[in-house]
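In what follows, a structure is listed as structure tokens, so that the remarks can point back to it.
The values are calculated or read from the model by the stated rules, or taken from the named source; none is laboratory data. These figures come from a predicted structure and were not determined experimentally. Glycine gets a Cβ as well: all are built from the backbone with ideal geometry, and neighbour counts include every protein chain shown.
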Amino acid sequence: MKKLNELFKVESDIKIESIHSDSRYVRKDSIFFCIEGLVTDGHKYVDDAIFQGAKCIVHSKPLRRYYQGIVYIQVSDVLDELNRVADLFYDHPSYKMTGIGVTGTSGKTVVARVVARLLGRYLKMGYVGNNGIEYGPTMMQMTGTTPDPICLHRNFYNMVKENVKGFTLEVSSHGLALKRVDSVNFSIAVFTNAYEEHMDFHGTVDNLMTSYVKLFRLLKEGGYAILNADEVRFNHYLTTNYKDMADHAKILTYGIHHKADIMAREIEYYIDHSAFNIYIKNHYYHVEVPIIAPFNISNTLAILTTLYALEMTPDEIVNAIKYIQPVEGRMEVVPVKQHFHIIVDYCQHAHNFEEVFKFVHSVKGNGHLIAVFGAPGRKDIHKRSKIGALANKYCDYVILTEQDERDDDIEGICSQIQEQIVDPISVIITDRRYAIQQAIDAACPGDVILILGKGHEQFMTSLVGNTPYPGDKFIAQEYAKKLYNEQLEDDM
Ligand SMILES: CC(=O)N[C@H]1[C@@H](OP(=O)(O)OP(=O)(O)OC[C@H]2O[C@@H](n3ccc(=O)[nH]c3=O)[C@H](O)[C@@H]2O)O[C@H](CO)[C@@H](O)[C@@H]1O[C@H](C)C(=O)N[C@@H](C)C(=O)N[C@H](CCC(=O)O)C(=O)O
Ligand SMILES: Nc1ncnc2c1ncn2[C@@H]1O[C@H](COP(=O)(O)OP(=O)(O)OP(=O)(O)O)[C@@H](O)[C@H]1O
Ligand SMILES: N[C@H](CCC[C@H](N)C(=O)O)C(=O)O
């Protein structure tokens, strides 16, 4: 809690209990920040906020009415002010911890989650990202990736109270563009990869790249920039658009194909693990990880390079590799007793589908590839035909199903995907649970079932909002177990 005159240059010393940018959550004795959004404008909700108990309004446009007893503060950029005040209100919490930001199109969750878990073996760590917010006993689900500054600093404040020493934060390109992390102190910034995605929001590749570069500008003086040597295009963009980065940050690189500080070579891929030689500066080791697919080797290198930046020795890093486990819903192999494989993955973009299909195709031997997936409603509609064409190229059987329908139409979405599927047998089973069960019923020894798109998520977004969903892994595992036991009984 702070007095208003500790947050702004004003006379009023009223005690501020909380800060908000959404009028629907405003509480008594609070500050309301009016944000101009893409859908609506926070300036419209000032009266609601005051009715709910706001005592101070921070705005950029003239307001319709001004009430007695309310402090109005007009600024040129409310988001900048929100960042400054959120950080100050919560006592600069991110400066009291080691902040590790992870950005890029794909792999943020894997890298941020595993780094937090590996470091969590030595000290208290926090994690904020697509799989939720986690520190000490706190575990919250989230629907997005990077929260707004108020949510971030409130959670950082609670982390400091819990004696958390460091955090990993997934920083989306949206989060960077919409100034969600402008007031966060980052000691390490990690880059995974850049694909031409989210164009509906960014408009151009240039805008997307500019967003990613911003994380490196936010690095504290002398912090570490961890770059993927295989991402030649982004590295070029970064060095031409942030020319003096090397004067402010220490740079470390990782790579599978290009020369880097930390490299993986002689990689062997299997359906349930990978083996490779790792080169850390002038040290060399042979390692095995229960992590699958080429992109996850790249993620593993990003993770290990982060440990290196935190001054772990090569021997300590190699020891830490033993504790790497797959992240929930990210190329997660579902343990079943049958002789087929089930993998759950959080494919979001067409390029994710391509890489996952390609990988499974290359390791599955003579088995069939059975895929269960759909596409979300009202989002990236061009993706539908692309993933249909990819399924046509790589799969043997395809079951199209629901995935976050919103106010769209599942049958319609599935049909748009199905139009591109000519060779493999494809069916539409809109009930996702039944679709997964059908795939398991159809599987023979050696086959691989890929259940894509929902990953770890335990909700389904429909017209009425999020409704509970047990999760792809749970449904698959339970059904495979039931089937196995029934077969055992039949055989007896
Ligand atoms: C494009 C985007 O990021 N939009 C976010 C943004 O919405 P917006 O700017 O359109 O806000 P708005 O709905 O127009 O409202 C404007 C302001 O009025 C306020 N308001 C609104 C209604 C009301 O009754 N009272 C009120 O005060 C809102 O709280 C807001 O401050 O601010 C909202 C409030 O914080 C977010 O909920 C919303 O995220 C939406 C749900 C979203 O889908 N975001 C996605 C695209 C996103 O950010 N995804 C990335 C990950 C992407 C990836 O890598 O896959 C992420 O980091 O989550
Ligand atoms: N390094 C990578 N390169 C390409 N694809 C990847 C990489 N890592 C993961 N993927 C694919 O992207 C999916 C999402 O991975 P992850 O959740 O780690 O990414 P993210 O950056 O957090 O994505 P989002 O912003 O959509 O939540 C995985 O399920 C996998 O299919
Ligand atoms: N199952 C979710 C995924 C959200 C992915 C998130 N990264 C984003 O796009 O904001 C949906 O399709 O709505």
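The sole residue among Gln348, Gln338, Gln325 that is farther than 24 Å from Glu457 by Cα, part of a loop (DSSP other than H, G, I, E, B) and of a type in the set (S, T, N, Q) is Gln338. Farther than 28 Å from Val464 by Cα, touching an Asp or Glu at 6+ places or on another chain (Cβ under 7 Å) and at pLDDT 95 or above - does that describe any residue in region 391-404? Looking through region 391-404, at least one residue is farther than 28 Å from Val464 by Cα, touching an Asp or Glu at 6+ places or on another chain (Cβ under 7 Å) and at pLDDT 95 or above. Every condition in (1) crowded, with 22+ Cβ neighbours inside 10 Å; (2) outside any helix (DSSP H, G or I); (3) not small (Gly, Ala, Ser) is met by Leu82 except one, and the failing one is (2). Of the residues making up region 174-207, those that are farther than 25 Å from Gly126 by Cα and free of Cβ contacts under 8 Å to residues at least 40 places away in the same chain are Glu196, Met199, Phe201, His202, Gly203, Thr204, Val205, Asp206, Asn207. Residues that are within 16 Å of ligand 2 (Cβ to nearest atom) and closer than 23 Å to Tyr397 by Cβ number at least 2 in the following strands (runs of 3 or more DSSP E) confined to region 410-492: 448-452. Would you point out which residue out of Phe359, Phe340, Phe353 is crowded, with 19+ Cβ neighbours inside 10 Å, within 11 Å of ligand 2 (Cβ to nearest atom) and over 18 Å from the mean Cα position of the chain (by Cα)? Exactly one residue qualifies, and that residue is Phe359.
Scan region 228-244 for residues that are assigned to a loop (DSSP other than H, G, I, E, B), over 18 Å from Lys108 (Cβ atoms) and charged (D, E, K, R) and jot them down.
Let us first name the residues in region 228-244 that are assigned to a loop (DSSP other than H, G, I, E, B), namely 229-231, 242-244.
Filter once more, keeping what is over 18 Å from Lys108 (Cβ atoms): 229, 242-244.
Answer for region 228-244, where residues must be assigned to a loop (DSSP other than H, G, I, E, B), over 18 Å from Lys108 (Cβ atoms) and charged (D, E, K, R): Lys243, Asp244.
Screening Met1 on (1) at pLDDT 95 or above; (2) more than 30 Å from Tyr195 (Cβ to Cβ) shows it passes everything except condition (1). For region 13-59, residues that are of a type in the set (S, T, N, Q) and loosely packed, with under 14 Cβ neighbours inside 10 Å total 1.
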